[in-house]
Amino acid sequence: MLASPAAAADAVKIGLVASLTSDFALIGVLQKNAGVMAVDEVNAAGGAQGRRVELLVEDGSNSNTVALGALNKVLGDRPLAVLAPLWSTQLLAMFPTIEKDGVPTLSTTGTRKVTQLGNGWYFRYFPHDGITKTAATEFALNELGRKKVGILYVANEYGQSGRDIIVETLKKHGLAPVAAESHNATDKDMSAQLLRVKQAGADVIISQAHPADTALILKQQRQLGIDLPHVASSAASQPSMLRIVTDKDLDGVYVETAAVPAIDPRPEVQRWLRSYEERFKTTADVFALLYYDMTRMLLQAIKDGGAERSRIRSWLEKTRYEGLGATYACDAEHNCNHRAVILRYTGKTPTIVKTYDSTPK
Amino acid sequence: MPQLLLNGIAIGCIYALVSCGFVWVYQSVGAVNFAHGELVMVGAYLGVTASVLLGWPPAVSLVVAVGAGALLGLVFQRVAYRPVRGRPALSFIVVSIGMSILLRNGALAVWGPDPVAPPDLVGGRMLRVGDSVLSAHHLLIIVVTALVFLMQALFFAGTRLGRRLRATAEDQETAQLMGVNVRAMIAWTFTLSAALAALAGVLVAPVIFVSPDLGLFIILKAFIAIVIGGFGSIAGTLVGGVFLGVIEVLTAAYVSSAYKDVVAFALLVVVLLVLPHGFFGERIGERA
């Protein structure tokens, strides 16, 4: 860390803003670890274009204001690119600054709208809701043979975006949800929403929520004896959520997500997972895996494209990249991951029951 | 419907337990303790530590957490209240806000940001009544709350210590003239109030999980319950808490889940307009 001023000036700087404190740190810390791991690996292999890569890490906490302050702080050091948080509310707050500064910004958000705002500097590495929620809805209709969908969603940009895509997908099949119930991210009692869905005659529940509220929904669904198949959002596959639900709560639940490092049979993924666990003493989830891929792809862009912001952007736009979690190819909106999988949990053990892949050829 | 009512009453009972301890301190020292929610949160974490990390049986964990919570209350009184005693109420309010931040960030440092879920105290049992499935843990919350309120009524009316505490709450100077050790009584109030907060924390933890922000959520709701019930009234905390819990659940079920909190706060405004004293209490502003 004690580099000489000359060497420090020579380093390739990358900003990293993630939620390192607050309840949002569930995912933020795992992602930061993945970013640090990718950078350290590249540095150990000689850096990018022979220069050491330096990460400028700042905490975005659970507040837009804090996240924006953190972004401004890292931008003060003129980084070549920024690894941003996945929270869409924070991203939307950061967008004007990102556009003004013209800095390539990468993150793993799922919220559909984020890449529809025409921000030419932003790249997305998680399949957006248009992919995952369509997959979840198609799965409920075609594979589970259900027609009466009850939606549970968190009352924010992420939840509403998920709800809209479920409704659109149902519409294409000539259907409408029988109920769509929202809750606040901090709510502790979901029984009223669950009972409303049940009373509306739903034969399947599709939910879009964060880890802690998803855990409450699954727990309370079981407690209320509401025996309906449940297709939950990617939050339900995260280790942090798995720790707070019981086997019974999760048994039989379907989950849409982008990848599951823990059950990926490929040796390179298992090797990566083991080295992550050894180093950080915690297990990595899909968000950590994709964040690692994203960071590696960015470092590759600096190596191959050049240490200059607009060249990094055009490299990211044009290049197809084989990562551990997916094959990344960015479309015109800069959506770079197009793969969704549906898992089924037996106790806390997931198996992949269906893969939906629409990566551009 | 029975499920909804049970859930509403159970969460309302938690609001009531939290409010009750809060009101004791308010009556005793004439100022609100903004760190009371954090005492609930720390109590919940103490329960989690005993039951999950140390693997103790739920009943033992409960007793240990309440005991440790009481001790924390005593220390809190010594550190946060005693140094500003005799100064305007505002001094203690500011100190309590500081303590709330300190405890929340302390919990974040000690237990981390991930929510944790302790096992419930009755082994996750569910009771089937007709079409409804009722959670035994929710019933336990209601029974424990009823017992606590009954015991505290007997304690304040029928014991020497209870009467001294009441005298101190009523008028510190007169109590002192009558030979009551006011300092000791205030220490007792903080201790008992924190024990009750820890009890609420341990009871609510399996239902809503424990995270460092638990205190903020709970104190906001408890505050509404206190105002609805009547600021300063112990009976009011029970009625206000249960009333709020039930209204929240019924609003989410029959009006709109999105407007649950809007209705809760609108209700607060309506109660303040129609019944400025709440259901039972004294007019806000008469003390603080």
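Other residues lying with their Cβ under 12 Å from the Cβ of A:K13 contribute a combined charge of +1, Lys and Arg counting +1, Asp and Glu -1.
Beta-bridge orientation, the protein assembly as shown: approximately 40 percent antiparallel, per DSSP, counting only bridges with both partners inside. Ellipticity at 222 nm from helices only: DSSP H runs of n ≥ 4 in chain B, each -39500 (n - 2.57), divided by the residue count, give -23500 deg cm²/dmol.
Between 0 and 90 degrees, the angle of helix B:182-208 with respect to the longest Cα principal axis of chain B falls at about 10 degrees.
Beta bridges assigned by DSSP with both partners in region A:1-129 are antiparallel in approximately 5 percent of cases.
Here the label points at A:K100 and A:S310, each 7 Å from Cα along the C-beta direction, are separated by 2.1 nm in the simple model. List, in the order given, every pair from A:K113/A:K172; A:K147/A:K354; A:K113/A:K188; A:K171/A:K318 whose Cα-Cα distance in the structure shown is over 26 Å. Beyond 26 Å: A:K113/A:K188; A:K171/A:K318. Placing +1 on each Lys and Arg Cβ and -1 on each Asp and Glu Cβ, with no other charges, gives region A:8-142 a dipole about its Cα centre of roughly 240 debye.
Kyte-Doolittle mean at least 1.0 and Cα extent at least 24 Å along the axis: which DSSP H helices of chain A qualify?
None clear 24 Å together with a mean of 1.0.
Chain A contacts chain B over a buried accessible area of about 2500 Å², both sides summed; the probe is 1.4 Å and only protein chains count. For B:V262, project a label point 7 Å along Cα to C-beta. Then give me every residue of region A:183-222 with its amide nitrogen under 14 Å of that point. From region A:183-222, the list is A:183-184.
In order along region A:255-263, the Karplus-derived 3J(HN,Hα) couplings, from 6.51 cos²θ - 1.76 cosθ + 1.60 at θ = phi - 60°, round to 9, 8, 7, 9, 5, 9, x, 4, 10 Hz, and Gly and Pro are given as x. Projecting the alpha carbon convex hull of region B:143-200 along each direction and taking the average yields 3.9 nm².
Compared with its chain on its own, region B:180-215 contains the following residues whose accessible area drops by 10 Å² or more in the full protein assembly (probe 1.4 Å; ligands, DNA and RNA excluded): B:P206, B:V207, B:I208, B:F209, B:S211, B:D213. Rounded to 0.05, the FRET efficiency of the B:R78 and A:A185 pair, given R0 = 41 Å and the Cβ-Cβ distance, is 0.65.
For every other residue with a beta carbon closer than 12 angstrom to the beta carbon of A:I217, add +1 if it is Lys or Arg and -1 if Asp or Glu, then tell me the sum. Residues close to A:I217 contribute a combined charge of -2.
Ranked from largest to smallest solvent-accessible area, with a 1.4 Å probe on the protein heavy atoms, A:T132, B:T174 come out as B:T174, A:T132. For the protein assembly as shown, taking a cut-off of 4.7 Å between Cβ atoms, the unpaired cysteines are B:C13, B:C20. Among the protein heavy atoms, those of A:R222 account for about 70 Å² of accessible surface (1.4 Å probe, every chain in place).
The angle separating the long axis of helix B:234-250 from the principal Cα axis of greatest extent in chain B is about 30 degrees.
Rounded to the nearest percent, how much of the accessible area of region B:78-166 (1.4 Å probe, protein heavy atoms only) is carbon and sulfur?
Carbon-and-sulfur percentage of accessible area, whole number: 66.
Considering only the Cα atoms of region A:276-361, their convex hull presents on average a projected area of 7.3 nm². A:V204 sits among other residues whose Cβ lies under 9 Å from its own Cβ, and their net charge, with Lys and Arg +1 and Asp and Glu -1, is +2. With the helix formula -39500 (n - 2.57) applied to DSSP H stretches of n ≥ 4, chain A reaches a computed 222 nm mean residue ellipticity of -13000 deg cm²/dmol. Given the options B:W24, B:W188, B:W56, state which has the largest fluctuation in a GNM of chain B using a 10 Å cut-off (strictly under) for Cα springs. Maximum among the listed residues: B:W56.
The accessible area of B:Y254, taken with all protein chains in place and a 1.4 Å probe, comes to roughly 130 Å². Going by accessible surface with a 1.4 Å probe and the largest first, B:L154, B:L272 read B:L154, B:L272.
Protein heavy-atom surface of region A:226-311, 1.4 angstrom probe: 47% of the accessible area is carbon and sulfur, with nucleic acids and ligands not counted. Take the Cα of A:L144, go 7 Å toward its beta carbon, and the backbone nitrogen atoms of region A:223-248 under 12 Å from that spot belong to A:227-233. Comparing the full protein assembly with the isolated chain (1.4 Å probe, heavy atoms, ligands and nucleic acids excluded), the residues of region A:210-225 losing at least 30 square angstrom of accessible area are A:L216, A:K219, A:Q223, A:L224. Using a probe of 1.4 angstrom and keeping all protein chains present, the accessible surface of the protein assembly as shown works out to 39 square angstrom per residue. Interface residues of region B:122-164, defined as those with an accessible-area decrease of at least 20 Å² between the chain by itself and the complete set of protein chains (probe 1.4 Å), are B:M126, B:V133.
Ranking of B:D120, A:D331, A:D227 by solvent-accessible surface, largest first: A:D227, A:D331, B:D120 (1.4 Å probe, protein heavy atoms only, all chains present). Solvent-accessible area of A:V286, all protein chains in place: 10 Å² (probe radius 1.4 Å, heavy atoms, ligands and nucleic acids excluded).
If I fit a long axis through the Cα atoms of helix B:58-76 and take the longest principal axis of the Cα atoms of chain B, what angle between them do I get, 0 to 90°, rounded to 10? It is inclined by approximately 30 degrees.
What residue among B:S19, B:S51, B:S257 has the largest mean-square fluctuation in a Gaussian network model of chain B, using Cα springs under 10 Å? Checking each option, the largest mean-square fluctuation is seen for B:S257.
The values are calculated or read from the model by the stated rules, or taken from the named source; none is laboratory data. This is a predicted model, so every value here is computed, not measured. Every residue, glycine among them, receives a Cβ derived from its backbone with ideal geometry; neighbour counts consider all protein chains shown. Protein only, heavy atoms only, side chains kept; ligands, DNA and RNA dropped before computing areas. Shrake-Rupley method; radii C 1.70, N 1.55, O 1.52, S 1.80 Å.
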